[in-house]
Amino acid sequence: MYCLTLPLPSRRELQYQYEHQSCALEKALHEMQRRIKVALASAEISSPTLKYRIKSFDSFYEKLLRRSRESGPGEDVLITDLLGIRVVCPFVEELTVVEEALRAAFEITEVERKGAHLGETEFGYSSVHLLIELPRDIRDSFHLDRSWICEVQLRTILQDAWAEVEHELVYKAELTPLDTKLRRKLAALNANLTLSDIIFQEIRDYQRSMSRKLMRRRATFWSQLGELSGSKSASGNGSEGEDPIHTGSDTIDTMLIRALHFHSQKDYTSAIRVYTDILAYQPEPYVSAIIYTHRGMARFAVQDTIGAVEDFTATIRISPKTTKAYHYRGVVYRAQGKLEQALADFSRCLEYDPYHVDSRIARAELYRELGEGETALADCECALKLEPDNVAARDLLQEIQELQETRELSVSQGAPAQGEA
């Protein structure tokens, strides 16, 4: 913050003061933005962009003149944005997260919410401005002889785009648009950007809702695998709590949310019915592949292994490199006792995705059952290289090693190995 008491000193004197301390201020501001980055590193936000600058002398002096015209003799003129940092985030909700993180890390002397006065049908410049006092150690490090305020602006990408353009067209221009049509166009642009920010946030909220339901559905499927196939590769933690069923027009999205709700609540019959209704709409092929996969899981959950194989096969027919479909079909084949088909599917899954740990462990289990201990051991070791803390892989590795040791001991003593006549 820069404070002067009217009347103003001469321009030359002000410029000398500005240039005399600008180097130290530049270094202090650089350190300040570094600390803000550290403060935001642990916050759950999508890689915010940080910009920082010291106001140019011409802009600084112009603002001093403008403020002095609005004040009387003997009054103080304050410039709070000589040091400026801007934090730009993709989504509206992240601005609150950033503000909370900065409050925890710095001393905030003032908060100004630009555009807060606008009604629901009004549009204008929107931004959150925080006035943060430079920490004492920064001031001491760069020999700043008094308290300095840094203005930190929080904006979305679209708010920042509007502010930059408006600043050039309206704020800095000698002539602002007077024509009613031009002013309406500017207002319409701002309204569109504001609406876009709202829609982006709604899409993100929708994706999160879908993701939560998918995670519950996946956890339920792994639980069913453990119960029906006895596979040690089945894993995952379920989530408790009710999720509201979305209502509204029966679009594919809303139907899928409804189906996932039924699925996560283990109402598999209802889930299968809604998945089938979605497929009746004949959606895009990639959407159909997803729905077939989900319905296959639900069918397997109700022990309809034939229907599950049909659905996973339909997914593969539409999208031949869908690794999950090969893995899930392999699990079902194994539950049916068709070990060779299961082995082929796990191997095909790993052909397309060598890092698919669940298929790696499932194939190791099959190799162990088929008496191919060395091959099973290799798959376990590979799985543990990818996930060193994988309990299923570690336990299976230990079992295979113990089995091999038992067989070697039996052979050395001339006795039949375990499992031999």
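Brief remarks on what is shown
- Restricting the first member to the stretch 293-314 and to residues that are closer than 17 Å to Leu260 by Cα, and the second to residues that are crowded, with 22+ Cβ neighbours inside 10 Å and of a type in the set (S, T, N, Q), the beta-carbon pairs closer than 6 Å and six or more apart or on different chains are Thr293/Thr315.
- Residues of the stretch 188-207 that turn out to be crowded, with 16+ Cβ neighbours inside 10 Å, modelled with pLDDT of 70 or more and of a type in the set (S, T, N, Q), as a count: 2
- Taken over the stretch 368-401, the criterion of being crowded, with 19+ Cβ neighbours inside 10 Å and more than 17 Å from Ser347 (Cβ to Cβ) is satisfied by Asn390, Ala392, Ala393, Leu396, Leu397, Ile400.
- Members of the stretch 150-180 found to be modelled with pLDDT of 70 or more and part of a helix (DSSP H, G or I), listed by number: Ile157, Leu158, Gln159, Asp160, Ala161, Trp162, Ala163, Glu164, Val165
- Failed item, numbered, when Leu40 is tested on (1) open to solvent by 30 Å² or more (accessible area, probe 1.4 Å); (2) more than 21 Å from Asp145 (Cβ to Cβ); (3) in contact with a helix residue (DSSP H, G or I) (Cβ under 8 Å, 6 or more places away or on another chain); (4) touching a residue at least 60 places away in the same chain (Cβ under 8 Å): (1)
- Some residue of the stretch 7-24 being in contact (Cβ under 8 Å) with a residue 24 or more places away in the chain, in contact with a strand residue (DSSP E or B) (Cβ under 7 Å, 6 or more places away or on another chain) and among the aliphatic types (A, V, I, L, M): no
- The set of residues from the stretch 288-298 being open to solvent by less than 30 Å² (accessible area, probe 1.4 Å), among the hydrophobic types (A, V, I, L, M, F, W, C) and over 12 Å from Arg273 (Cα atoms) comprises Ala289, Met297.
- Residues within the stretch 339-356 that are open to solvent by less than 10 Å² (accessible area, probe 1.4 Å) and under 21 Å from Asn390 (Cα atoms), tallied: 2
- Within the stretch 56-109, if we keep just the residues that are among the small types (Gly, Ala, Ser) and free of Cβ contacts under 8 Å to residues at least 40 places away in the same chain, the residue that is nearest to Leu8 (Cα to Cα) turns out to be Ser59.
- Residue identified as open to solvent by 10 Å² or more (accessible area, probe 1.4 Å), within 27 Å of Gly371 (Cβ to Cβ) and out of contact with any Cys (no Cβ under 9 Å at 6 or more places or on another chain) among Gln282, Gln336: Gln336
- As for the stretch 16-23, it holds at least one residue that is of a type in the set (A, V, I, L, M, F, W, C) and modelled with pLDDT of 90 or more.
- Any chance His261 is open to solvent by less than 70 Å² (accessible area, probe 1.4 Å) and either at pLDDT below 90 or over 14 Å from Asp311 (Cα atoms) (or both): yes
The values are calculated or read from the model by the stated rules, or taken from the named source; none is laboratory data. Keep in mind the model is a prediction, meaning the values are calculated, not measured. Heads up, the Cβs are rebuilt from the backbone with ideal geometry, glycines too, and the neighbour counts pull from every protein chain shown. Quick note on the areas: whole protein, heavy atoms, side chains included, nothing else; ligands and nucleic acids left out. Shrake-Rupley method; radii C 1.70, N 1.55, O 1.52, S 1.80 Å.
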